[in-house]
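Reviewing the structure listed below.
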Amino acid sequence: MDAKPHYFKIGMFVLVAVALIVVAVVLFGAGLLGQNVLHFESYFAESITGLSVGSPLEFRGVRIGQVEQIGFVGSVYSLDSGSDMISPYAPSVRVVTAVQREKLPEFGVEQVEVALGQMTARGLRVRVSSNILTGQAILEMDYLDPERFPVELVPWEPKYPRIPSAPSELTTIKDSIDDILRELQAIDVSGLVGSLESVFASLDGAISDANLADLSAETIALIRQSRQKIAALDVEEINAAVRGLLASLDQAVEDANAPALSAQAQALMAELRTTNGHLQSLLIPSEGHAERPNLPDVVAQLNHTLWNMDRLIVSERPEVEAILSEFREAVDSLSDLIANVRGQPSSLLFGEPPCKSEVLK
């Protein structure tokens, strides 16, 4: 039996083991082993200087993924413009990002498109954010104004779910400055200067026509007249009149006899309280004092009496109508009798006796 060690086999085993360990460390360190990754793509119509494969993708400052592919749209999709002209989407840059599923738990296996559509409708956009000092760039996702940054339709079917892009902050600022400069260039500076010169000339003419010397003389005369009017006022007499008025007011207050007025006011208040008590005893329904009349009880009794009379009239209506008919006939007979007596007074004593009643017959 050969007891010599096989150094070649041992060396190969050690090298393979070291290689496997290195590969495992790299895979585990990069977090690529066994991870569930979602891929998204976006299109940029601007420069993405500083962005490279491996650049982070952040959502409101939290890293959720990284850039995996960068290239032009025309290298992946067929851009048929329908004419000899180059497609306007040819210079657009396509960026594919990888997002770990556990970073966005709302993206389920079957609802990625639905959730992404809802988030896009709310304004989810991705844009390039550059570090001015280092020159490096990252992709930043956030919710922006969907009306200001609408979703642009593309004439191809994206390979991965699409996250719409928005211009970077530097591009937005640059576009705003360009708009301001264009508006400034559109201003007619020569016409504005000519208008200002016309205004200044008009002001000079108005000042010349104003005759400042005469205005100054009139102002001085007005000031002198004001001083004369003030000097003509008898200040001592006015002070004496004010003092007399104040003295009259003091005397009026003393003659008013405030204690007596206070006593009368207190007596009046006591009478008002007594009157108020009587009114309350008259208006408030009595409880436990049936012998004390009050307005609510009287009104209640009157309503009860009227209700009883109404019931009596309704129940005895035929008899009441008969009585009223007989009373009406009696009144008519009495009227006839009075008319006859006025015409023939003697018939009251010498007239024929009345006819016998049918009842007596």
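We did not get these values from a lab; they are worked out from the coordinates using the rules stated. Everything numeric in this text was worked out from a predicted model, so none of it was measured. All Cβ positions, even for glycine, are placed from backbone atoms using ideal geometry, and neighbour counts span all protein chains on display.
Going by average Cβ neighbours within 10 Å, how do the peptides 236-244, 68-76 rank, with the highest at the top? Working shown, then result.
Details: 236-244: 9.9, 68-76: 14.4.
Highest to lowest by the protection proxy: 68-76, 236-244.
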When ranked by the protection proxy of mean other Cβ atoms within 10 Å per residue, highest first, what sequence do the peptides 91-101, 115-125, 14-24 form?
91-101, 115-125, 14-24
Expected sort for F44, F59 with the fewest Cβ neighbours (10 Å cutoff) up front is F59, F44
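Within 10 Å, count the other beta carbons around each residue, average over each peptide in 198-206, 49-57, and list them highest first. Provide the component values of the computation, followed by the final result.
Working: 198-206: 9.9, 49-57: 15.2.
The most tightly packed comes first, giving 49-57, 198-206.
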Say R0 is 30 Å: what FRET efficiency, to the nearest 0.05, do S52 and F8 get from their beta-carbon distance?
0.10
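Any chance you could list the semi-axes, whole Å, largest first, of the equivalent ellipsoid that the Cα gyration tensor gives for the stretch 167-288, using √(5λ)? Intermediate results must be reported in sequence, preceding the final value.
Values: eigenvalues 1142, 438, 31 Å².
Value: 76, 47, 13 Å, ordered largest first.
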Residue-span extension gain [A252 to E236] - 0.36 nm each, minus C-alpha spacing:
3.3 nm
